[in-house]
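Below you'll find the structure, written out as structure tokens, and then a few comments.
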Amino acid sequence: MIEIGDLLKYLILGVIQGITEPLPISSSGHLALISKLFNFTINDLNYEIITNFGSFIAIFIIFYKDIIKLIKGFFTYIFNKDKRKENEAIFKYCWLIVVGSIPAAVIGLLLKDKIETISNNTNILGICFLITSILLFSIRNKNGKKDDNDITLKDAIIIGLFESFALLPGISRSGTVMVACMLLGLKNKTALKYTFMLYLPVSLGSMVLGVKDLLEVSNLSSLVLPYALGMLLAFTFTYLCYGILKKTVNNGTYWRFSIYTLLISIFTLIYFNLSFIK
């Protein structure tokens with residue numbers, strides 16, 4: 001039976017995951033920071049997978065129509081020669097999603113242990129928040145002209161390389177991809193869509209790889225409640241906060257998240273280096 005104190009920790013982390021996943025402020029960075037600040041010693045990678053699944057469902061629902069359109073167009077292009085021409089752009093877009101997802105997947109697998117080791121370093125965490133802030137500030141007043149059909153193979157590779165940096169806690173995945181998209185001249189709306197199209201395969205891949213470990217948990221029955229509640233909270237807050245994100249993209253205030261991440265960076269670097277505060 002899980003204790004009330006531990007249950008509250010799970011719920012708090014579920015809320016944080018939900019809020020920070022769509023926003024360009026780094027969900028992994030905030031989870032690491034909160035765990036350090038309040039000595040949350042859950043250390044449960046399976047729980048991260050579960051809450052990430054909650055966020056995944058929320059994003060899937062938000063982009064449901066786009067996803068169905070892409071899937072239909074992709075397979076129509078392959079199996080229906082008569083409609084191949086009209087689905088060519090969709091087929092290309094799907095492959096660009098695959099290409100854009102490869103760098104982060106490969107680097108994540110190769111450097112998994114290294115990344116987990118340095119993730120516990122609060123100085124690196126603070127610096128990564130600062131990097132996110134600089135990246136977000138760099139795209140103020142940016143709004144390109146490229147639509148979905150204008151994204152090139154070169155664009156997808158560059159965006160994928162940018163996304164791989166977000167494997168470090170404190171560097172926002174959505175923020176980094178959005179920055180790359182906008183620096184490459186994509187329209188704000190186009191960049192937002194491609195950012196979360198890339199999120200889906202990467203997130204799904206990490207969940208599939210974690211299923212085996214989840215099924216092998218010895219005390220899984222006692223964790224059903226916190227896991228279920230955490231996933232529900234992550235889903236709810238991800239869904240709600242995406243609306244905030246979309247609004248900032250549409251009105252050109254997306255870069256203002258750089259102010260928040262700068263403040264978080266300063267706080268992290270000061271708090272964990274000045275012993276008299278602790």
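The values are calculated or read from the model by the stated rules, or taken from the named source; none is laboratory data. In this text the structure is predicted, and so the values were computed from the model without any measurement. Using ideal geometry, Cβ is built from the backbone for each residue, glycine included, and neighbour counts are taken over all protein chains shown.
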Please enumerate the residues belonging to segment 209-246 that are modelled with pLDDT under 85, part of a helix (DSSP H, G or I) and surrounded by fewer than 16 Cβ atoms within 10 Å (Cβ to Cβ).
Leu209, Val211, Lys212, Asp213, Leu215, Leu220, Ser221, Ser222, Val224
Just the residues that are within 16 Å of Gly252 (Cβ to Cβ) and not small (Gly, Ala, Ser), please, taken from segment 183-194.
Leu183, Leu186, Lys187, Asn188, Lys189, Thr190, Leu192
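So is Ile107 in contact (Cβ under 8 Å) with a residue 12 or more places away in the chain, under 21 Å from Leu245 (Cβ atoms) and of a type outside the set (Asp, Glu) or not? Please lay out each step first, then the result.
Working: in contact (Cβ under 8 Å) with a residue 12 or more places away in the chain: yes; under 21 Å from Leu245 (Cβ atoms): no; of a type outside the set (Asp, Glu): yes.
Considered against the rule, which asks whether it is in contact (Cβ under 8 Å) with a residue 12 or more places away in the chain, under 21 Å from Leu245 (Cβ atoms) and of a type outside the set (Asp, Glu), Ile107 comes out as no.
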Extreme residue, modelled with the highest pLDDT, among residues of segment 92-121 that are outside any helix (DSSP H, G or I) and surrounded by 14 or more Cβ atoms within 10 Å (Cβ to Cβ)
Asn121
Does Lys145 satisfy the criteria of being of a type in the set (Lys, Arg), over 28 Å from Thr76 (Cβ atoms), surrounded by fewer than 18 Cβ atoms within 10 Å (Cβ to Cβ) and under 19 Å from the mean Cα position of the chain (by Cα)?
no
Out of all the residues in segment 250-274, which are over 19 Å from Phe38 (Cα atoms) and crowded, with 18+ Cβ neighbours inside 10 Å?
Tyr254, Trp255, Phe257, Ser258, Thr261
Just checking, does segment 152-169 include any residue being closer than 18 Å to Asp66 by Cα and either in a helix (DSSP H, G or I) or free of Cβ contacts under 8 Å to residues at least 12 places away in the same chain (or both)?
no
For the list (1) more than 18 Å from Thr190 (Cα to Cα); (2) crowded, with 20+ Cβ neighbours inside 10 Å; (3) modelled with pLDDT of 95 or more, I need the number of the one condition that Ala166 fails.
(3)
